[in-house]
Amino acid sequence: MKKLLISSVIIALIITGVVSASIAFTDYTKIYQEFVKSTRIDVTTLEANNFRIIKFPVPYLVIDEIKQEGKIALKDIKIEFLLASLFRFNPKISEVTIGEAVVHLNNDDVNFLSHSEFISELILKEALSVKAKVNKLTFVESDNDVPFIINNFNFSSGNEGTNFEGIIDNIGNINGSFEKSADNVLFKIDVQDTSYNFKLNETYKNG
């Protein structure tokens, strides 16, 4: 029993030491810059003090805000890493959580059913370009009105397209996708509520 306890303590110390060393030698500025680049947000100057490193008990990166005026703003970003990648001294992002994403639209009088204009804007802005969980996705019209908010918005994006799901108050649960094909984008969405369900497929051509 005593040997088992000593062995457990030694293993724990080794794991802690390796993770601590990985944390100490990680270039978090590079990770921060790569994440900003992956969002495709055009940030002219990357502020070196715009992020914080939480080291224990599990290391993760916190970014207060990154934004492009008139396009998109991401707030309260938490970037977590695969534990195995820390042992290899090569941290890989495992999960991104965003407190709020604000997408600015060029149009006003937008609503969920008459949506072609703001969907086209999302495609052109490539606003959904990383895998993340967004607690609150807010759309802001050109006159600063907020037509609707999507809560618990989860999305993942790859070379072929984007899958997403979330909840819109007074509308219901949504899930859908943007699928790229040549110059076209196929937009699909499925909306479910207690009293209704509808599916929508649309093709957007040349942006």
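The values are calculated or read from the model by the stated rules, or taken from the named source; none is laboratory data. Everything numeric in this text was worked out from a predicted model, so none of it was measured. Virtual Cβ from ideal backbone geometry, glycine too; neighbours counted across all protein chains shown. Ligands, DNA and RNA are stripped out before the accessible areas are found, and what is left, the full protein with its side chains, is counted by its heavy atoms. Shrake-Rupley method; radii C 1.70, N 1.55, O 1.52, S 1.80 Å.
The residues of the range 149-207 expose on average 61 square angstrom of accessible surface per residue, using a 1.4 Å probe on protein heavy atoms. For the range 145-188, the share of accessible area belonging to carbon and sulfur comes to 40 percent (1.4 Å probe, ligands and nucleic acids excluded). What does the net charge come to around Lys188 if you take all other residues with beta carbon closer than 9 Å to its beta carbon, with K and R at +1 and D and E at -1? Result for the neighbourhood of Lys188: -2. Each Lys or Arg adds one and each Asp or Glu subtracts one; over the other residues with Cβ under 11 Å from the Cβ of Asn135, this totals +2. Taking Lys and Arg as +1 and Asp and Glu as -1, the other residues whose beta-carbon sits under 13 Å from that of Ile93 total +3. Among the listed pairs Lys37/Lys205; Lys30/Lys92; Lys37/Lys131, those with a Cα-Cα distance over 19 Å are Lys37/Lys205.
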